[in-house]
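Read through the structure below, which is laid out as structure tokens, and then see the notes.
The values are calculated or read from the model by the stated rules, or taken from the named source; none is laboratory data. Predicted model only: the values in this text are computed from it and were never measured. A quick note on method: Cβ atoms are made from the backbone with ideal geometry, for glycine too, and the neighbour counts reach across all protein chains shown. All accessible areas refer to the heavy atoms of the entire protein, side chains included, with ligands and DNA or RNA removed. Shrake-Rupley method; radii C 1.70, N 1.55, O 1.52, S 1.80 Å.
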Amino acid sequence: MPYAKLEPSGCGIHKGRAKLRIDLFMEEADPRYDRCYVNVPVIPPEGYQGKVDKEGTPKNQADYDAWIEHLPHIWQNNPFHSHKIWLPDAGASDNYINEQIERTLTYFYQFHQQMWDTNKKFIDEWKKVPKVKGSIRDIFVKGDPKDSLANQQKVADVLSRQADFWVGGRVPPTDLNIGEKGTIDVGSAAIDRESWTAFYYSEVAYTKIEYENSANATGTLDTVEIYLTYADEGNSLKVGTFTDNGGDNFTCHDAELIGETTPGYHSYTGLSFAITFGEYLGGDSRGTANLGPALALSGGAGGRYSATGQFCDPTDTTDYSFSSGKIMSLYGTGTESGGGETLYGQAILAGVGSTTILAKKISRGEVLFEGVGNLTAIGNAIAAQVTLYGQALLAGVGNLTVLGKRTLKGTTTLAGVGNLTASAKKILRGTAILAGVGNLTTVGKKVLRGVSVLAGVGTLTAVGKITKGGKVVLAGVGTLTATDYSKVIRKVISLSVKLHSRALSVALHGRSLITNLHNRSLSVKTRSKV
């Protein structure tokens, strides 16, 4: 009967959550046991002594194959699948963990048997399984950093009692929930190839990037397939996503530790690391034993990048060397952003001092607040369709107070603004850029109907219903010239531009000198007071 057990090298803390790696095995009496019971060479500690390139790849493939053929071999039972589960909190009971392990064993044993019966590839059908909260393809939720110590202690406790979490036997079949959902595709097929490339070889660690097939979408990778030619005892595999910066330079975007593995084909599910459209899949070694995936030496449309050292951690950036046409047996899939299920109330708050919620709905869509001191909500909906009709970016804002039903109807960028007070239902009907403004006070119904740029202005006071009907640029202005003098004479009574606290004050009065009327232009001289 199939059985499941914990693999300690793949257990630990990932993004604030305790995660446990579960390896699934078959016994001799199980159908297709021979698929996982493999004959592997025993690699001596000194490794292959023939000529290799700087990345450990044999220069003479025929000589390397002959060397492998003459090594002693042993039979080894590889897991038919590996899956990671995450615990909701440090208080998860033994019963809960065993239930999750049993569900994992039951599901994936049936899944693989069905794939073998129908001659289908696991990865092709697994892509169609939707990502749903609470399902076998669960939606990962980051943990709270303050719970990190408790989660570490939980993992240590579980690993100290591994015998309590050994699950064997079959249970009644369940629905595999294979649908028609398309998902992310990155990397190349995890199959055996004529050569290999090293993540770790002869006491040297490498980072390798598969450059054959970039990600077709943005989202989260939860599944990795790999075919390993070398995987000596004591190895440790880590996989990640990489951004091409140009000029053979890459930055690791996100990554997850898989842990110790064995030679041959492996599929790992239950992972969670981010990928962006156009990025690539790669990996490195965190162990001290030879480790490397299969490699085709030619035939690829892209190639493979390599760097000496461990660079599979987020933000790691370095230069790589490129080998054209090579194909590495490393593949990943996952779900696109927004897929799986609808998320209500999702908000990303970075650098926020405090958030006060007085409403029923905070974020019906997705809202990003960066560098916001305080966000106070008074309406029923803060970041739903009622409040944000367009896109709003708030950067470096001290306080934002919402009094009207519709605050930002268009696209607004507020940078370096102290306070923004709204007295009307519609504040910014068009597009407004406010930079370095102390205070903006509105008295009329429509303040900025067109486009206005205000730079270095202390205070702007509006008295009429329509203050700016056209396009006006005020940048420490001493003189304002208007092309329609008749409207200015009839409608402009008083427009004051003052410096609030420490600025230049410029007063424009109706009795200003009017010149050159025949040319339909108005020049208004100004008085300034410091």
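Summed over the residues of the range 16-86 and divided among them, the accessible surface reaches 51 Å² per residue at a probe radius of 1.4 Å. The range 1-69 and the range 195-248 have Cα centres spaced 15 Å apart.
Which whole-number percent is the relative contact order of the range 192-337 (Cα, under 8 Å, 6+ apart)?
Details: 472 pairs, mean separation 57.8, N = 146.
Contact order relative to length: 40 percent.
Is the shape of the range 94-212 best called rounded, prolate or oblate, per the rule: a/c under 1.5 gives rounded, else a/b larger than b/c gives prolate, else oblate, with a ≥ b ≥ c the square roots of the Cα gyration tensor eigenvalues? All intermediate terms of the calculation are to be shown ahead of the outcome.
Numbers: a/c = 1.61, a/b = 1.09, b/c = 1.49.
Oblate is the answer for the range 94-212, as a/c is 1.5 or above yet b/c matches or exceeds a/b.
Were the residues from residue 203 through residue 288 laid out at 0.36 nm apart, the gain over their Cα-Cα distance would be 29.9 nm.
Give 15/84; 15/127; 127/326 a once-over and call out the pairs whose C-alpha atoms are over 19 Å from each other. Don't skip to the answer; put the middle values down first.
Working: 15/84 14 Å; 15/127 24 Å; 127/326 26 Å.
Pairs exceeding 19 Å: 15/127; 127/326.
Between residue 116 and residue 32, the simple spin-label model (points 7 angstrom out along Cα→Cβ) gives 0.5 nm. Each label was represented as a point 7 Å from its Cα along the Cα-to-Cβ direction; for residue 15 and residue 69 these points are 4.7 nm apart. Distance from a point 7 Å along Cα→Cβ of residue 322 to each backbone N in the range 251-276: keep the residues under 15 Å and list them by number. Counting backbone N atoms under 15 Å from the label point, the list is 251.
P(r) tail for the range 164-270: Cα pairs beyond 22 Å make up 46% of the total. The packing ranking, built from the mean of other Cβ atoms within 10 Å per residue, places the peptides 115-126, 233-244 in the order 233-244, 115-126, highest first. The share of accessible area on the range 87-204 that comes from carbon and sulfur is 50 percent, using a 1.4 angstrom probe.
With equal scatterers on the alpha carbons only and no solvent term, can you work out the Debye log10 of I(q)/I(0) for the range 1-122 at 0.15, 0.22 1/Å? The calculated log intensity ratios at q = 0.15, 0.22 Å⁻¹ are -0.88, -1.14.
Partners of residue 121 within straight-line reach, counting aspartates and glutamates whose Cα lies under 20 Å from its Cα and excluding those fewer than 8 residues away in the same chain: 23, 30, 34, 175, 180, 185, 192, 222, 225. If R0 is 41 Å, the Cβ-Cβ spacing of residue 177 and residue 233 corresponds to a FRET efficiency of close to 0.65. When the alpha carbon gyration tensor of the range 70-130 is reduced to an equivalent ellipsoid, its three semi-axes come out at 28, 20, 10 angstrom, largest first.
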